[in-house]
Structure formats: C-alpha cells, structure tokens
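Participant: Structure incoming, see below.
What follows is calculated from the coordinates using simple rules that are stated; it is not laboratory data. What you see is a predicted model, and the numbers here were worked out from it, not measured in a lab. Glycine gets a Cβ as well: all are built from the backbone with ideal geometry, and neighbour counts include every protein chain shown.
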Amino acid sequence: MWNSLVVIALTLLSLFVARQAMVYTLEYETKDLLEGEIVELELATKQFHPDMRLVEEEFSRKILSHSRNEWFAGLFDDTGKLIWKSELFPDSFESDQATLNPSDQPHAANEKFAFRQADNAIACWHSFQLDSGDVFTIVLGEPTDFIGRDLWSLTKVLLWIGLAVVVIAPVGGYLLARSSLLPVQEIVETTRKLEPSRLEARLPIRGSGDELDQISGEINSFLDLNARYLNSQREFIANAAHELRSPLTAIQTSAEVCLAKPRTADDYREQLETVSEQCQFLRHLVNQLLELAESDARLKVNKVDFDFSDLVQKSVSIFEGVAEEKGIQLSINVPVAISCSGDPQKLIQVLNNLLDNAIKFSPPEGTVSVNLSSRDHEIDFRISNEGPGVDSLLLERIFDRFYQTDPARTHEQTGNGLGLSISKAIIELHEGRIRAESSGNLLEVSFQLPKSKI
C-alpha cells in the first residue's frame with residue numbers, strides 16, 4: 001500500500017515538473033524566435049533606409065508570414081515616436097514608450113534585447129544605430145494565448161496520465177508484488193518440506209541471476225552441506241554402534257559363561273581377562289570418539305612454540321620396543337631443533353597413531369622410515385612402511401572414519417579405523433595438511449605444519 005502511494009506521489013510530482021518545464025520551454029523558444037526575427041528586421045531597415053516605404057513593406061511582409069499566430073510589430077525613432085505599427089499592435093505598448101524605448105540609453109544600442117509582457121502579450125524590442133547616426137527601436141511580439149492553449153492541452157494530457165496512474169498503480173503494484181513474491185513463496189514451501197528423512201528437496205533456480213536466484217543457490221549449497229553432514233553423522237553413529245556391539249557382546253558372553261554354572265578359579269580368571277581386554281578396547285574407542293567430537297566442534301588448540309624434533313624422538317622411543325619385538329627396523333632421519341607452533345599433546349597423538357599403524361602393517365623384518373625436514377615456512381613429516389600397500393582407489397578413503405582397507409581383519413590386527421581420522425582432524429586444527437601415497441608395497445603418510453615464528 002505504501003509503495004503504491006509513493007509511486008503515485010512521485011508520478012504527480014513528475015507531472016508537475018513536466019508542466020513547469022513545458023512553460024519554461026515555450027517561453028524560451030518564443031523569446032528566441034522573436035530575437036531572430038528582429039535581427040532580420042534590423043538588417044532590412046539598414047538595407048532600405050532612408051526609403052521608409054520599403055522598410056514598412058518588409059515589416060508588413062514579416063507580420064503577414066506570422067499572421068496565424070497574430071504577431072504584431074512597431075518601429076520607433078530615436079525620439080520615441082512611433083513611425084510604423086502593425087494592425088494588432090497593443091495600445092499599451094504604444095503609450096508606454098518610456099519603458100519600451102531604450103533609445104535614450106545610447107550604450108544599449110546594438111547590444112540589448114528587452115522583453116515585456118502586458119495585455120496577454122509578450123514583446124521583444126531592440127535598439128540599433130545606422131551608419132547615418134539614426135537610432136531606431138523595433139518592437140516585435142505575439143499574444144500569449146497560444147501558450148495558455150498549449151499548456152491547457154498539456155495539462156489535460158497530464159491529468160489523464162495522473163488519473164491512470166492513480167488507478168493503475170495500486171493494481172499494478174499488487175500484481176508486481178505478487179509476481180515478485182512467488183519465488184519467495186516457493187522458498188517458504190520448500191523449506192517447510194525439509195525433514196531429516198527428506199534431504200533431497202532443493203529450491204528452484206530460475207536462471208535469471210537476480211538476488212532471489214543467488215539466495216536460492218546459497219540455501220541449496222547449505223542444504224547440500226547439511227545433507228552430507230547428516231549422512232556422515234548417520235554413518236558415524238551406525239559404525240560406532242557396530243564397533244561397540246562386538247566388545248559388548250564379548251563382555252556379555254563372558255558374564256553368561258561365568259553365571260551358567262560354577263567354574264574353577266582359572267576359568268573365572270580367563271573370562272575376567274576377556275572382560276578387562278574388551279573394557280580397555282571400549283575405553284580406547286570412547287576416547288577416540290570424544291576426540292572426533294572435539295574436532296567436529298572445531299575447538300581451538302592450545303598452541304605453543306616447541307621443538308618438534310624432540311617430540312618425534314619421544315614418539316619413536318615409545319615404539320622402539322614394539323618394533324624390536326616384531327623384528328622391524330626403524331630408520332630415523334630427524335634433524336635437531338626444528339621448531340613448530342602447536343599443541344604437543346595432540347601432535348604426539350598423531351605421531352603415535354602413524355607409528356603404530358606403520359609397525360602394525362609392516363611384515364616381520366620390514367623397515368619403517370621416519371623423516372623430518374624444514375622448508376620455507378613449514379615443517380614436513382613423512383613416515384613410510386613396507387607392507388601390503390593400498391590401492392590408489394582406496395587412498396581417498398583412508399582417512400574416513402571407521403574405514404578399514406581390509407574389513408576381514410580383526411580389531412587386534414587393524415584397530416577400529418579411527419586413528420587416521422583423528423590424525424587428520426588434529427592436523428587440520430593446526431592449519432596443516434595430511435595425505436597418503438602408495439607405490440607398490442610401500443605406503444607413505446606425510447603431513448605439513450606451520451613453523452614456529454620464533
């Protein structure tokens with residue numbers, strides 16, 4: 001409603017401005033035309049003087065050519081006496097010689113055009129001096145009735161336009177608003193259809209490229225991201241439930257065995273050891289799930305500047321016994337004093353995960369290589385091991401949660417598939433990058449982190 005009123009007000013204002021502009025234009029064109037015709041009469045006077053009969057004939061011819069507009073003219077001498085006038089010359093202009101005739105102002109001769117309006121007429125006069133020294137003043141004018149007629153015609157047109165705007169603007173505004181709001185209504189209806197069980201609904205893109213299309217595109221991008229997130233969460237919950245089911249089943253089975261009938265102390269000990277092992281696995285799994293939840297929440301890490309070389313050596317020392325027991329050789333290339341900015345407790349978890357996987361999947365008498373280097377503004381850590389290798393098609397999923405390259409293996413052999421996911425999340429929290437590459441029977445995992453600024 002208010003929009004329509006604003007449109008009507010602006011339209012009426014525009015019509016008023018157009019009318020005033022028309023008035024100004026008509027007056028300006030009239031004055032310009034009178035000045036041009038007076039110049040021609042001045043030239044004729046200079047040409048035919050002193051034969052005033054020829055001068056009067058030229059004046060009469062000029063007035064006759066504009067008889068349709070009822071032009072009038074008069075010629076005054078330097079004393080202010082009216083020498084000649086046309087039939088329609090107004091008496092008020094003739095009697096007001098002092099005002100109309102500036103010949104008593106010699107400096108104005110040959111320089112000035114003056115205008116007067118009286119008795120519904122507009123007149124222009126111009127004084128000029130001949131070579132003989134005589135000064136004449138020409139008065140040329142026309143009635144202003146034609147301006148009034150043209151203005152009245154224009155006013156009627158403008159009134160009809162204004163009336164049409166008053167009638168059409170509200171209706172047109174309503175129709176325009178309705179058509180403009182149709183895409184918004186589609187957005188509302190689509191969003192109402194969105195449910196966790198129906199994530200495929202998307203807003204229509206009309207292809208116009210306007211703001212509504214841009215909004216729809218942004219909302220669709222958000223819906224795509226939300227759908228991927230919800231699907232990921234569903235998969236995560238399903239995998240977590242599956243991982244929890246196995247140890248819980250083992251615990252329940254051990255408890256049922258103990259309760260089925262009286263047993264020896266050794267039997268009870270064996271079952272309790274199974275329960276303890278499964279509880280440890282559950283605690284480890286729950287801790288890893290909490291780590292993933294923390295990374296999903298994008299919690300800030302407590303960054304400090306520290307010697308990353310020492311952290312790598314510390315992690316290697318933890319697994320030296322395991323590697324020696326399995327007959328695996330550790331090849332360590334770690335320069336001293338390479339500083340890093342990050343959370344040492346979280347980063348050593350990454351190093352432990354990578355070393356544990358490398359040793360776990362290496363064959364007996366195999367080699368695990370650990371390399372650390374510094375370049376530009378980042379540090380580069382690489383760990384590789386001999387083993388079954390990973391198909392290039394599977395490398396893209398190696399950091400997915402609960403993903404295992406060989407599902408047939410047991411938890412003792414492969415773990416639960418969360419270690420690399422947690423490592424990737426921690427590295428990304430440190431604004432770093434991590435990737436895996438496989439060539440033949442060699443698998444290499446590398447990550448890069450920003451160097452310390454000190």
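Participant: Let me check against my output: what whole-number percent is the relative contact order of the range 304-450, with C-alpha pairs under 8 Å and at least 6 apart?
Facilitator: Value for the range 304-450: 24 percent.
Participant: Quick check: pseudo-label points 7 Å beyond the Cα along Cα→Cβ at residue 161 and residue 60, how many nm apart are they?
Facilitator: 4.6
Participant: Same structure again: Between residue 332 and residue 231, what FRET efficiency comes out of the Förster formula 1/(1 + (r/R0)^6) with R0 = 56 Å and r the beta carbon distance, rounded to 0.05?
Facilitator: 0.85
Participant: I want to make sure I understand the PRE zone here: with the label point 7 angstrom from the Cα of residue 380 toward its beta carbon, which residues in the range 425-454 have backbone N atoms less than 12 Å away?
Facilitator: Within reach of a label on residue 380: 446-449.
Participant: Can you list the residues, at least 5 places off or on another chain, whose amide H is less than 5 Å from the amide H of residue 451, using H built in the peptide plane?
Facilitator: The list, which skips near neighbours in sequence, is 378, 379.
Participant: Still on this structure: R0 = 51 Å: FRET efficiency of residue 265 with residue 356, Cβ-based, nearest 0.05?
Facilitator: Using R0 = 51 Å, I get an efficiency of 0.90.
Participant: Give me, ordered by chain and number, the residues 5 or more places off residue 112 or on other chains with an amide H under 5 Å from its own placed amide H.
Facilitator: 127
Participant: Putting +1 on Lys and Arg Cβ atoms and -1 on Asp and Glu Cβ atoms, find which of 390, 333, 432 reaches farthest to the positive end of the dipole of the range 304-450.
Facilitator: It is 390.
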